[in-house]
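These notes are about the structure you will find just below.
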Amino acid sequence: MNWAGSFWGILLIAVLGIAVITDLRYRKIPNWLTFSAMAMGLAYQTGMDGWGGSLFSLKGLGLGMALFSIPYLMGGMGAGDVKLLGAVGAFLGPQGVFGVFLYTTLVGGLYAVVLLLFHGFFTETVRRYWTILKIFFITWNLIYVPASPRENKPRLLYGLAIAIGTFLSLGLRIPAFGK
């Protein structure tokens with residue numbers, strides 16, 4: 001086990017842990033956490049591989065933020081979630097953050113279904129999306145059917161999904177984030 005990898009691995013775990021706690025408690029992932037994590041990931045990769053490491057880290061940061069930009073712009077998640085995935089990308093690089101994104105998406109989907117079931121909105125949501133699909137296949141126009149005011153209540157706290165997705169992507173092993 002690489003000492004630098006385990007040290008930085010512990011830092012990434014700490015960042016994700018703080019993000020989960022603040023997201024669950026305050027429904028927000030703070031800028032001081034995400035921006036400092038981005039800087040730590042950049043410092044780690046630069047220290048490991050010089051300018052090549054810097055470029056690797058910046059590509060991961062950019063891709064991480066780009067992957068969640070559309071859901072953010074559509075109102076499906078907060079800016080803190082976007083920045084947190086960017087911070088993970090700064091540590092893991094573009095290939096690593098893409099793997100995290102895939103696992104996070106799966107975890108987030110399961111989380112959404114559980115939340116809808118728990119709050120009793122699952123049937124309404126399925127009916128609404130079924131209506132959208134029927135309208136699309138009949139008219140070939142995508143017409144959004146808005147959620148009822150009651151259905152808008154549950155909210156995904158995606159910091160948890162990002163943390164779980166990161167751990168799953170790393171295969172539940174922490175350190176050395178290889179390229």
| query | Which condition breaks for A14 when tested against (1) hydrophobic (A, V, I, L, M, F, W, C); (2) within 14 Å of the chain's Cα centre (by Cα); (3) part of a helix (DSSP H, G or I)? | reply | (2)
| Do we find that S57 is surrounded by fewer than 22 Cβ atoms within 10 Å (Cβ to Cβ) and of a type in the set (S, T, Y) in this structure? | no
| said: Among (1) modelled with pLDDT under 95; (2) in a helix (DSSP H, G or I); (3) closer than 14 Å to A161 by Cα; (4) not hydroxyl-bearing (S, T, Y), there is one condition L85 misses while meeting the rest; what is its number? | reply: (1)
| query | Since I138 meets every condition but one in (1) surrounded by 12 or more Cβ atoms within 10 Å (Cβ to Cβ); (2) at pLDDT 85 or above; (3) among the aliphatic types (A, V, I, L, M), which condition does it not meet? | reply | (1)
| said: Out of A66, A79, A43, I need the residue that is without any contact (Cβ under 8 Å) to a residue 12 or more places away in the chain, surrounded by fewer than 20 Cβ atoms within 10 Å (Cβ to Cβ), in contact with a helix residue (DSSP H, G or I) (Cβ under 7 Å, 6 or more places away or on another chain) and over 12 Å from I162 (Cβ atoms). Which one? | reply: A79
| task | Kindly indicate which of Y111, Y158 is at pLDDT below 95, crowded, with 18+ Cβ neighbours inside 10 Å and of a type in the set (S, T, Y). | result | Y158
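The values are calculated or read from the model by the stated rules, or taken from the named source; none is laboratory data. Keep in mind that what you see is a predicted model, and the values were worked out from it rather than measured. FYI the Cβ positions are ideal-geometry reconstructions off the backbone, even for glycines, and counts take in every protein chain you see.
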